[in-house]
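First up is the structure itself, then whatever we jot down about it.
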């Protein structure tokens with residue numbers, strides 16, 4: 001017969017200070033830990049900056065080489081597109097080391113001078129191209145709570161408070 005579990009595991013209880021003095025000491029510790037975290041983050045960022053600066057010339061050279069190769073391959077493929085796509089029957093061409101493909105982007109619209117375009121659409125009575133956004137005015141509801149108090153779905157959140165701990169810090173001038 002298999003032996004059943006004899007040990008029960010429970011989550012450890014959270015630490016709670018037992019006096020005002022402990023709260024004062026704990027707030028000090030919170031500030032100490034926050035400052036130490038800032039020092040560690042700063043150290044990490046300094047090391048990242050050193051590594052980035054050290055490798056920047058190498059990275060830039062690789063990016064330039066990559067861009068040059070990509071432009072060259074695209075130029076050659078564009079020049080020989082009809083031959084390599086079998087008279088444009090396919091949009092993807094496979095080579096021994098990879099493939100190239102052409103894809104048409106879906107049609108899109110871009111608007112410049114929104115106010116002018118809106119005015120022109122209204123003048124031409126093309127309102128079907130104008131979107132009207134309908135949304136609830138929460139500021140108006142807060143200003144007149146009694147008018148909407150019986151409407152299901154509207155609740156007023158009150159008596160909520162946030163708790164924060166801000167250890168005192170001395171800034172060096």
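Which of the residues spanning the stretch 117-127 are surrounded by 10 or more Cβ atoms within 10 Å (Cβ to Cβ) and part of a loop (DSSP other than H, G, I, E, B)?
Selection gives 126 alone.
Among the listed residues 83, 140, which satisfies the condition of being closer than 30 Å to residue 69 by Cα and in a helix (DSSP H, G or I)? Spell out how you get there, then give the answer.
On the way: 140 fails: closer than 30 Å to residue 69 by Cα.
Sole residue among the options that is closer than 30 Å to residue 69 by Cα and in a helix (DSSP H, G or I): 83.
If you check every pair at least six apart or on different chains, which have Cβ atoms under 9 Å apart with a residue in the stretch 97-110 that is touching a residue at least 24 places away in the same chain (Cβ under 8 Å) first and a residue that is surrounded by 10 or more Cβ atoms within 10 Å (Cβ to Cβ) second?
Final answer for the pair search is 100/73; 100/74; 100/77; 100/84; 100/92; 100/93; 100/94.
Against the condition in a helix (DSSP H, G or I), touching a residue at least 12 places away in the same chain (Cβ under 8 Å), surrounded by 10 or more Cβ atoms within 10 Å (Cβ to Cβ) and out of contact with any strand residue (DSSP E or B) (no Cβ under 7 Å at 6 or more places or on another chain), how does residue 30 come out, does it pass?
Taking the combined requirement at face value, the residue satisfies it.
State which residue pairs qualify: first residue farther than 14 Å from residue 102 by Cβ and inside the stretch 62-85, second residue surrounded by 10 or more Cβ atoms within 10 Å (Cβ to Cβ) in any location, beta carbons under 8 Å apart, and separation of 6 or more residues or different chains.
none
Can you pull out every residue in the stretch 129-165 that is in contact with a helix residue (DSSP H, G or I) (Cβ under 7 Å, 6 or more places away or on another chain) and more than 30 Å from residue 34 (Cβ to Cβ)? Step through it out loud before you land on a result.
Kept after step one, since they are in contact with a helix residue (DSSP H, G or I) (Cβ under 7 Å, 6 or more places away or on another chain), are these residues of the stretch 129-165: 129-130, 141, 148, 154, 156, 165.
Within the stretch 129-165, 129, 130, 141, 148, 154, 156 meet the criteria.
Of all residues in the stretch 91-116, how many are within 27 Å of residue 73 (Cβ to Cβ) and either exposed (fewer than 10 other Cβ atoms within 10 Å of the Cβ) or out of contact with any strand residue (DSSP E or B) (no Cβ under 9 Å at 6 or more places or on another chain) (or both)?
10
Working carefully through the options 35, 47, 131, find the one that is exposed (fewer than 10 other Cβ atoms within 10 Å of the Cβ) and either out of contact with any strand residue (DSSP E or B) (no Cβ under 8 Å at 6 or more places or on another chain) or more than 30 Å from residue 165 (Cβ to Cβ) (or both).
The match here is 131.
Values in this text are rule-based calculations from the coordinates and carry no lab data. Note that the structure is predicted; figures quoted are calculated from it, not measured. Note that each Cβ is placed from the backbone with ideal geometry, even for glycine, and that neighbours are counted across all protein chains shown.
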